[in-house]
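K.L.:
Please see the structure below; I have some questions.
The values are calculated or read from the model by the stated rules, or taken from the named source; none is laboratory data. Given the structure is predicted, the values throughout are model-derived calculations rather than measurements. To get the accessible areas, we keep the full protein, side chains included, count just its heavy atoms, and leave off ligands, DNA and RNA. Shrake-Rupley method; radii C 1.70, N 1.55, O 1.52, S 1.80 Å.
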Amino acid sequence: MSAESLVVEVVRSGFVESTHRARMLAVGADGSPVRVHGAVDALVSPRSSMKPLQALGMVRAGLALEGELLALSCASHAGEPFHVEGARKILSGAGLDEDALRCPEDLPEDVVSRDEVLRSGGERARIYMNCSGKHAAMLATCVLNDWPLETYLDPAHPLQRAIRNTVEELTGERVAATGVDGCGAPLFFVSMVGVTRAFRSLVQAEPGTPERRVADAFRAHPEWTSGTDRPEARLMRAIPGLMVKAGAEAFDAFAFADGRAGTVKIEDGGQRARVPVTVAALRALGLEAAGLDELATGVLLGGGRPVGEVRLRRGEAA
């Protein structure tokens, strides 16, 4: 274990042209640290990695979604057609339509889906925004509890207070500060240690509990939590029992069925360095599978062909 941050190298044509520094916390099945790099006990913004905890707060407040739609409520989705229809289904089940959403307007992040929207004459819409599943679930939870809809993103709203209480309970930490996420929802600042603790709590909960319902739906439907070909979905398909949630500014949180878990933060927010570090954390815990080599390095292109890679500095991946 080391207090030093990991270094991710961007290698082009044999030369290191850029570097990223990364924090990593990986804990064993008993919760004890196996590998530590950087200030993992410092405050951090987990961004969308907190969505499973937000969904848990909603389930505890009565949200009765199951399966794919519960997974979608935890999603940073790619805007593929099934994501969009799923978000609409959550809304219609609550007697609402997409006009009730308060997330920003956007186009699908998936290139094929975005091109199809534009080709058909469509334009930016809230339903395409990658957080629309979460927002739809938030609105559905408000309908169930007769809470105000227009102000559901206010940190003082009953929904957001319930979510904050859930975050504090599972992380074992008081929320140090509240900000605003990219989708407009409240953002809670805690530590990587706390997020790791929370993810372990989800996968280790008893079957049928709200915690386990969220974890089980998430793991059973990885495409619904991210996208058909997103790295997080590929990791979960490769390692059954694994739960992985990415966040903006290069944050990852994961937990395996037996309690092995971890978090990753790229200090400069460089997303290209995130997955190689997450793969290194998984491997440090003995979680290995076919296909991980492909995810352990990112391909760097030049003239449309591979000319380099994004990788952990030699000697740091073990």
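K.L.:
Search the structure for amide H atoms under 5 Å from the amide H of V34, placed 1.01 Å from N in the peptide plane, and list their residues when 5 or more places away or on another chain.
P.N.:
A26, V27, G28
K.L.:
Further question on the same structure: If amide hydrogens are placed 1.01 Å from N in the peptide plane, which non-local residues have theirs closer than 5 Å to the one on F188?
P.N.:
Amide H neighbours of F188: G179.
K.L.:
What accessible area per residue, rounded to a whole number of Å², is obtained for the stretch 48-125 using a probe radius of 1.4 Å? Before the final figure, lay out the partial values.
P.N.:
Values: 3300 Å² over 78 residues.
With the other protein chains kept in place, the stretch 48-125 gives 42 Å² per residue.
K.L.:
Let me ask something additional. What whole-number value in Å² describes the accessible area per residue of the stretch 226-318 for a 1.4 Å probe?
P.N.:
Values: 3620 Å² over 93 residues.
With the other protein chains kept in place, the stretch 226-318 gives 39 Å² per residue.
K.L.:
Report Rg(Cα)/(2.2 N^0.38 Å) for the stretch 1-98, keeping two decimals.
P.N.:
Details: Rg = 19.8 Å, N = 98, 2.2 N^0.38 = 12.6 Å.
Its radius of gyration relative to the 2.2 N^0.38 Å reference: 1.57.
K.L.:
Here is a further query. Ordering S13, S191 from largest to smallest accessible area (1.4 angstrom probe), what's the sequence? Write down the numbers at each step before the final one.
P.N.:
On the way: S13 80, S191 5 Å².
Descending accessible area places them as S13, S191.
K.L.:
Hey, in the GNM for the chain with a 10 angstrom Cα cutoff, which one of V307, V34, V244 fluctuates hardest?
P.N.:
Highest fluctuation among the options: V307.
K.L.:
D99 accessible area, nearest 10 Å², 1.4 Å probe?
P.N.:
120
K.L.:
Then there's this: Alpha carbon centre of the stretch 32-109 versus the stretch 220-235: separation in Å?
P.N.:
13
K.L.:
How would K134, K265 rank on accessible area, largest to smallest, probe 1.4 Å? Working shown, then result.
P.N.:
On the way: K134 0, K265 25 Å².
Descending accessible area places them as K265, K134.
K.L.:
Let me ask you something else. Tell me, how many Å apart are the Cα centres for the stretch 126-177 and for the stretch 240-318?
P.N.:
So the two Cα centres are separated by 29 Å.
K.L.:
Per 0.36 nm of contour for each residue apart, how much would the distance between S92 and S18 grow if the chain were fully extended, relative to their Cα-Cα spacing? Can you show the working numbers first?
P.N.:
Values: separation 74, 0.36 × 74 = 26.64 nm, distance 4.76 nm.
Net length gain for the segment: 21.9 nm.
K.L.:
Also, I was wondering about something else. Give me the percent of the accessible area of the stretch 88-147 that comes from carbon and sulfur atoms, probe 1.4 Å, all protein chains in place. Walk me through the numbers on the way to the answer.
P.N.:
Numbers: 1310 of 3040 Å².
That share works out to 43 percent.
K.L.:
Considering only protein heavy atoms and a probe of 1.4 Å, how much of the accessible area of the stretch 193-232 is carbon and sulfur, as a whole percent? Write down the numbers at each step before the final one.
P.N.:
Values: 730 of 1470 Å².
That share works out to 50 percent.
K.L.:
Read phi for every residue in the stretch 280-291 and hand back ³J(HN,Hα) as whole Hz from Karplus 6.51 cos²θ - 1.76 cosθ + 1.60, θ = phi - 60°, with x for Gly and Pro.
P.N.:
In residue order, the calculated couplings are 5, 5, 4, 5, 4, 9, x, 8, 10, 6, 4, x Hz.
K.L.:
Among all lysine pairs in the chain that are eight or more places apart or on different chains, how many have alpha carbons less than 15 angstrom apart?
P.N.:
Details: K51/K134; K51/K245; K89/K134; K134/K245; K245/K265.
Here the count comes out as 5.
K.L.:
First check a/c for the stretch 128-270, with a ≥ b ≥ c the square roots of the eigenvalues of its C-alpha gyration tensor; if it is under 1.5, answer rounded, and if not, answer prolate when a/b is larger than b/c or oblate otherwise. Before the final figure, lay out each step's value.
P.N.:
Values: a/c = 1.40, a/b = 1.35, b/c = 1.03.
Here the stretch 128-270 falls in the rounded category.
K.L.:
Checking the a/c ratio against 1.5 first, then a/b against b/c, what shape does the Cα gyration tensor give for the chain?
P.N.:
Working: a/c = 1.82, a/b = 1.30, b/c = 1.40.
Note, shape of the chain comes out oblate.
K.L.:
I would also like to ask the following. Given contacts defined as C-alpha pairs under 8 Å and at least six residues apart, what's the relative contact order of the stretch 194-318, whole-number percent? Write out the running numbers ahead of the final one.
P.N.:
Working: 188 pairs, mean separation 22.4, N = 125.
It rounds to 18 percent for the stretch 194-318.
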